[in-house]
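Encoded as structure tokens, the structure appears first; notes follow it.
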Amino acid sequence: MKTTRLSGILLHPTSLPGGAGIGDLGREAYAFVDFLAETRQSLWQVLPVGPTGYGDSPYQSFSAFAGNPMLISLDSLVSDGLLAESDLEDAKRLPHDRVDYGPVIEFKNACLWKAFDAFEGNATDAQRAELSRFNEQSSSWLDDYALFRSIKDGSDGGYVTAAQTASGTRFGLRSRAELEQERLKAEGK
């Protein structure tokens, strides 16, 4: 059996240069892929890219399916008209030689919520349809994950397991119906 030898690089996207205190999947990631192609590398091993919890380790993810919002390129959101250049001004205060997760998460989350608000107010019909398709295609995990994060974030980041979310035990809920009521309340419905 003939095998082909491959070579590549192990580099988590957060280790790329980034203008918001952390590497992301924006311009620098594309430049890195171009570099890999130019140097005839075949593989880019990235480590897990899910949303991280305590300790910010890629190996302690809240989801096997969801992506880490810290990997969203804020520059891309500016290009898409969901953020203004001025929204990124505070990023200059973040360290550029290391990731200081607390301030980075606070800054990026604020920008992502602002982009979400802009999307809610100004999205085209095509963009809304694309979001609906994503929601539908991801419904096997997205609804439960969104509920889990909503409850977790609502508890000021307190320790909440997925099992506690599903059963409602952490919140004194006795049934799935009560959990659904809690979800609707969190959505403002």
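Taken together, the values in this text are just the output of simple stated rules run on the coordinates, not laboratory data. Note that this is a predicted model, so its numbers are computed, not measured. A quick note on method: Cβ atoms are made from the backbone with ideal geometry, for glycine too, and the neighbour counts reach across all protein chains shown.
Some observations on this one:
- Segment Glu180-Lys114, length gained on full extension (0.36 nm per residue, minus Cα span): 21.1 nm
- Packing-based exposure ordering (other Cβ within 10 Å, fewest first) of Thr3, Thr14, Thr52: Thr3, Thr52, Thr14
- Applying Stokes-Einstein at 25 °C and 0.890 mPa s to the Kirkwood radius of the chain, computed over alpha-carbon pairs, gives a translational diffusion coefficient of 130 µm² s⁻¹.
- In order along segment 67-79, phi translates into HN-Hα couplings of x, 6, x, 5, 8, 6, 6, 5, 4, 5, 5, 5, 4 Hz, rounded to whole numbers, per the Karplus curve 6.51 cos²θ - 1.76 cosθ + 1.60 with θ = phi - 60° and x for Gly and Pro.
- Think of each Lys and Arg Cβ as +1 and each Asp and Glu Cβ as -1; about the Cα centre, that makes the dipole of the chain roughly 740 debye.
- At R0 = 22 Å, FRET efficiency that the Cβ-Cβ distance of Phe35 and Ser15 yields, to 0.05: 0.95
- Lysine pair number, Cα distance threshold 23 Å (strictly under), the chain, separation 8 or more or different chains: 8
- Length gained on full extension, Thr124 to Trp141: 3.5 nm, using 0.36 nm per residue less the C-alpha separation.
- Report note on the peptides 95-101, 105-111: ranked by the mean count of other C-beta atoms within 10 Å, highest first, their order is 105-111, 95-101.
- Computed lengthening from Phe65 to Ser132, 0.36 nm per intervening residue step minus Cα-Cα distance: 22.4 nm
- Size of charge dipole - segment 76-157 - debye, nearest 20, with Cβ of Lys, Arg +1 and Asp, Glu -1, no other charges: 160 debye
- Label-point gap, in nm, between Ser86 and Leu6 - each point 7 angstrom along Cα→Cβ: 4.7 nm
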